[in-house]
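A quick write-up on the structure given underneath.
Just so it is clear, none of the values below were taken in a lab; they were calculated from the coordinates. Quantities reported herein were computed from a predicted structural model and do not represent experimental measurements. Positions of Cβ are backbone-derived with ideal geometry, glycine not excepted, and every protein chain shown enters the neighbour counts.
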Amino acid sequence: MNLNILNLSKNFNRNLTFYYLTLFFVLGLFCYVYYLSLNFIINYWVFSQAHINFFEGYVKRGIFGSIMIFLENYLHIKASYTFSIFFIIFNTINIILFFKIIKQYSDNHILFIFLALSPTLIMFSFNDLGGYQRFDIISIFLILIHTHFCLKFRRLEISEDSYKKFFNIFLIPGIFISIIVHEIQLWTILFHFILTKNIFQTFKVDRAKYFFKYLLLILPIIFVFLYPVSDVVVTEMMKNIKNRELWFDAIKVASQTKNNMAIIGYELNTNFFNIYNLKINLFFLAMSIMPIHLFMYYFNKKENIDLKNFKIYEMYICFLPLISFFAIGDAGRWIHLISLVTFANFAQFPYSHKPLNESSIYKNLLKFICLIFILIYVFFIRLPHCCNLEAKNITIWGGLGQKFISAYHLLVKTDDDFYKLNKRFKKN
């Protein structure tokens, strides 16, 4: 008996060490991105759009820019600093939340490494800097915090009243505000609704009263998509920030309601009707769903009561709206969200690890094959964030391996401008 307790204690300490080493490894990698963002503007498109503001009247996506410019004008906090710090804070919170959720898998090193370093999950914006400093980060935060609360409730770590307070005070207002900040939040509302429905099924509650609150989200949706933004207001807004070096085409596209439908034809031709681009999009779409589905089921104990309540069709319903990336563009960002939603649908349930029979040659071989696949996947593959992949000669290869090569070139002299930060990025 004492020997068993000692072995359990050793395994626990080993898994805990493995967990924290992986967490600090990921945080350490992102510290490099944070350093870049404080010294250079690494996403000039979004930085330009972040200046959209309400000072001349209503425009789309004007909340963040209004706050950012107010802080600069009245508190003398540089706009680029506010922009960088906002994403550093939210990204760090998301990493910590994500790791709190996947801690339950740390006794299964294969599954844990797959989730922690997957190019379609939290590492997406590190592998492709074009995916960093995007307002999708608010959607990701709400996905992860809702998953975290659902998991805590199913573990009996919080009460029914605690979940209700989270729902009323944080979740619905958070979604409401985030829709006005950036309309991408709209495509994840169905995910939140299904998680809420499943939680409320476990205790007696007037569900109609809570579900009605999701209908309140129709108001900001209608406002964002249908309110006519005046050309005069947009012109005046851009005049007031004309002394800044920005991409004004990016500002004009994002600030007007009428531009919502203008991109559909181009994006369909780029993401769907171009065979090269389509193959890569479908590859990552499959990789964002199938491995998570397979590993979560394969490694989970069959007698896991919580997982038996999982309805697979609900997972597909959750990310069905996100498939619209074929007509919207920036395919990688949407596939990243699909991967997170797929993960969250499983991660809302407590995990019970199914230990493999070490004496089985077949299972050891399968385990070895899984390990090789995962190492190749997490170290040598990256999900491109967007655009015409064929025209830019972008493939699926890259990932952490390429980042380590880039780090080497930053430390030694090179004639390649790609590795010269002052030439690749604008100084902050």
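List of remarks:
- Unit Cα scatterers, Debye sum, the range 1-122: log10 I(q)/I(0) for q = 0.14, 0.15, 0.17, 0.18 Å⁻¹: -0.74, -0.80, -0.91, -0.96
- Equivalent ellipsoid, the chain (semi-axes from 5 times Cα gyration tensor eigenvalues, Å): 37, 28, 21
- As computed over the range 135-228, the Cα convex hull volume per residue (Å³): 81
- Percentage relative contact order, the range 135-228, counting C-alpha pairs under 8 Å, at least six apart: 35
- Cα shape, the range 203-275, gyration tensor, a/c 1.5 rule: oblate
- Restriction of the trypsin sites (Lys or Arg not before Pro) in the range 190-227 to DSSP coil positions whose beta-carbon has at most 16 other beta-carbons within 10 angstrom yields K204.
- Take each peptide in 335-342, 172-179, count the other Cβ atoms within 10 Å of every residue, and average; sorted highest first, the result is 335-342, 172-179.
- Length-normalised contact order of the chain in % [C-alpha pairs under 8 Å, at least 6 apart]: 23
- Shape category assigned to the range 320-428 from the gyration tensor of Cα positions, a/c cut at 1.5: oblate
- Extension gain for N13-E314 works out to 104.7 nm (0.36 nm per residue, less the C-alpha to C-alpha distance).
- Helices that extend 20 Å or more along their long axis by alpha-carbon positions and average at least 1.6 on the Kyte-Doolittle scale are, among the DSSP H runs of the chain, 79-102, 361-380.
- Neighbour count of at most 11 Cβ within 10 Å plus DSSP loop: longest GluC sites (Glu not before Pro)-free window in the chain: 1-156
- Within-15-Å neighbourhood charge of F112 [Cβ basis; K, R +1; D, E -1]: +4
- Flagged links, alpha-carbon separation over 31 Å, of K100/K197; K204/K354; K100/K301: K204/K354
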